[in-house]
Amino acid sequence: MPTWLVTGGAGFIGANFVLDAIARGVRVVNLDALTYAGNRASLVSVEGNSAYRFVHGDIGDAALGAQLLSEHRPDAVVNFAAESHVDRSIDGPAAFVRTNVMGTLNLLERCRDHWAGLDEAGREGFRFLHVSTDEVYGSLGAEGRFSEQSNYAPNSPYAASKAASDHLVRAFHHTWGLPVLTTNCSNNYGPLQFPEKLIPLVIARALAGESLPVYGDGRQVRDWLFVADHCAAIRRVLEAGQVGETYNVGGDAERENLAVVTTLCRLLDARRPRADGSAHETLIRFVADRPGHDRRYAIDAGKLRRELDWVPAVGFEQGVASTVDWYLDNQAWVRGVLETGQHTRRIGTGA
Ligand code: NAD
């Protein structure tokens, strides 16, 4: 039974990943600081499972990191822990540097020291997988897609902090030989996403009859990937990825933000018609654009497809409909995560 130390496993993608890993017979130690974005309620189905241990702590805590590595001797460390919301990084970049840069650096140092002390077979089998974003590549015009060769050009403090962490991961491989892997993925959506990101935010506000503020002209383009497909890609890279390599992960599903919002409105019209019979789209309001808002991201995931035979299984229309259904069926989860008291309602819906 392999053991994975997962960081940030109480967040959106991390929780989906942890639930899936345990279902596949992996032992998981989940290290999470439980910021506003971390919710143990997402993992209630595995609490008490002997294959699962939750550790409340910070990836920047050196002693804790060293202790968990020596106690559990994981086969892999999968680093999801991060401050992840672009708008919050504009309000307060320091927390992003603290967790995404300094926290990742601490984790790398602890892993390097632990890995160096393993026997040859242990060193051979160990992996450090860093989960990152396509936002490190900056913004695209109407043409082209990001490949693993694209230059880094981060535009938001969030993207800059993730870019810095990606460079540190690379440097730990080149300098000390740590067996690292990096994945850079496009926008995820699906169950268990905190309702500050575009899709769950629109669903929550529409159900509450609140306005749906759309940044700028709403024509910003993002590539969308269903979270289970992202988790499958990470598992595949862990299993067969070339040490030291980077893999782009994307859904081949470019959509303008406004089109995503209107799709959600139509799905809600069919499932939860408004009391006055008006369409949910009438709630859309255009608001001042986010400063430095990237216009278009698009990912070329050809390397992952060619080398590791990964393709997304869930198309956007299917995934988004099942996501709307999940939120409608799990309103108690939504209320629970919003009641943490640390949630500040974002006004804009940008992805
Ligand atoms: P999230 O904000 O939902 O979850 C982040 C988790 O990290 C939370 O559980 C939080 O409590 C935890 N955390 C924060 N700071 C911590 C610290 N110092 N120590 C330990 N735990 C800490 O994020 P997400 O959307 O699940 O994203 C996970 C990872 O995937 C991030 O690294 C993000 O950059 C990357 N990513 C996200 C997307 C996306 O669309 N959501 C796309 C590509 C890559």
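For the reader, a short list of remarks on this structure follows.
- The set of residues from the stretch 10-45 being under 15 Å from the mean Cα position of the chain (by Cα), within 6 Å of the ligand (Cβ to nearest atom) and touching a residue at least 40 places away in the same chain (Cβ under 8 Å) comprises 10, 11, 12, 13, 14, 32, 35, 37.
- Selection of the stretch 79-89 for residues being more than 9 Å from the ligand (Cβ to nearest atom) and touching a Gly at 6+ places or on another chain (Cβ under 8 Å) yields 86, 87.
- Contacts under 7 angstrom Cβ, first residue in the stretch 306-318 being among the aromatic types (Phe, Trp, Tyr), partner assigned to a loop (DSSP other than H, G, I, E, B), 6 or more apart: 316/251; 316/253
- Looking across the stretch 114-128, the residues that are within 17 Å of residue 72 (Cβ to Cβ), charged (D, E, K, R) and outside any loop (DSSP other than H, G, I, E, B) come down to 123, 127.
- When we screen 132, 186 for residues that are under 24 Å from residue 2 (Cα atoms), in contact with a strand residue (DSSP E or B) (Cβ under 7 Å, 6 or more places away or on another chain), at pLDDT 95 or above and within 11 Å of the ligand (Cβ to nearest atom), the only hit is 132.
- Strands (runs of 3 or more DSSP E) lying entirely in the stretch 190-283 (those with 3 or more residues that are surrounded by 15 or more Cβ atoms within 10 Å (Cβ to Cβ) and within 17 Å of the chain's Cα centre (by Cα)): 221-226, 246-249
- Where a residue in the stretch 142-156 is more than 15 Å from residue 166 (Cα to Cα) and its partner, wherever it lies, is modelled with pLDDT of 95 or more and among the aromatic types (Phe, Trp, Tyr), with Cβ under 6 Å and at least six apart: 146/137
- Which listed residue is at pLDDT 95 or above, out of contact with any Gly (no Cβ under 8 Å at 6 or more places or on another chain) and not in a loop (DSSP other than H, G, I, E, B), from 70, 45: 70
- Residue match in the stretch 52-60 (condition: within 13 Å of the ligand (Cβ to nearest atom), assigned to a loop (DSSP other than H, G, I, E, B), at pLDDT 95 or above and crowded, with 21+ Cβ neighbours inside 10 Å): yes
- Of the residues making up the stretch 159-168, those that are surrounded by 24 or more Cβ atoms within 10 Å (Cβ to Cβ) and more than 14 Å from the chain's Cα centre (by Cα) are 161, 165.
The values are calculated or read from the model by the stated rules, or taken from the named source; none is laboratory data. A quick note: this is a predicted structure, and the numbers were derived from the prediction, not measured. Because the Cβ atoms are built from the backbone with ideal geometry, glycine has one as well, and the counts that use them run over all protein chains shown.
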